[in-house]
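Nothing in this text is a laboratory measurement; each read-out follows from the coordinates by a stated rule. Predicted, not measured: the structure shown is a model, and the values here were computed from it. Note that we place each Cβ from the backbone using ideal geometry, even for glycine, and neighbour counts take in every protein chain shown.
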Amino acid sequence: MEWYDKLANGYDELYAAEQSLKYDAALKAVASRRFGTAVDAGCGTGLFHHRLRVICDFVLGVDVSREMLVRARTRSRDPSVSLVRADCSTLPLRDCIVDCVFAISLLKTGAVMAKQLAEMSRVIQRGGIVVGTMFREGGEKPVLVGEGLGSDAKWWNLSAREVLFLARRAML
């Protein structure tokens, strides 16, 4: 968390172009879908919020870094975008309450990712989706099924080391 607080001032300058490509890919993956409520998990400085508002009635940005959220609030005063400081491994939301979760540049293979994916699955409604990016360990696609997401996930290569996925909530 401290690292992200320190990075907040220069984050957009360092990563906006790279993140923009990922946002484009995520929006292309959801095609013409519209969402009532979406969560931007690990929202950082809120670079994605303006684009999400085009397809979502309400956006909740979640990040563990206070400084990143300060930048996100400065970027958007839209009343349809709210921000909350929280760890994405323990989302402060009720079960089955959102239509979609976007997790761009949040997920890294391991135990924390498993907790984050389980939380995302918990908060999305039946038929809801998770769209995210993750780095591949050894070139393999991570397994999502055990985390409450369906086995029919779609995958796109973003680079030699990173993939984008779209997965539906498993019918539990």
Nearest 5 percent is fine: what portion of the DSSP beta bridges confined to the chain is antiparallel? 40 percent
Using a cut-off of 13 Å between alpha-carbon atoms, which aspartates and glutamates can reach Lys6, once sequence neighbours fewer than 8 places away in the same chain are excluded? Glu67
Just from its helices, what would the mean residue ellipticity at 222 nm be for the chain, if runs of 4 or more DSSP H residues each count -39500 (n - 2.57) and the sum is divided by every residue, rounded to the nearest 500 deg cm²/dmol? -11000 deg cm²/dmol
Using Cα pairs closer than 8 Å and at least 6 residues apart in sequence, work out the relative contact order for the chain, in percent. 19 percent
Show which aspartates and glutamates lie in cross-link reach of Lys154 when reach means a straight Cα distance below 19 angstrom and same-chain residues fewer than eight apart are skipped. Asp24, Asp99, Glu137, Glu140, Glu162
In the set (1) 107, 82, 27; (2) 58, 42, 30; (3) 39, 35, 29, which value of Cα extents along the principal axes in Å was calculated from the structure you see? (3)
In the chain, taking the dipole from +1 charges on Lys and Arg beta carbons and -1 charges on Asp and Glu beta carbons about the Cα centre, the listed residue (Val59, Gly127, Phe165) farthest towards the positive end is Gly127
About the Cα centre of the range 2-168, what is the dipole size in debye to 20, counting +1 per Lys and Arg Cβ and -1 per Asp and Glu Cβ, all else neutral? 360 debye
Dipole of the range 1-44 (Lys/Arg Cβ +1, Asp/Glu Cβ -1, origin at the Cα centre): which of Gly36, Ala25, Leu7 lies farthest to the positive side? Gly36
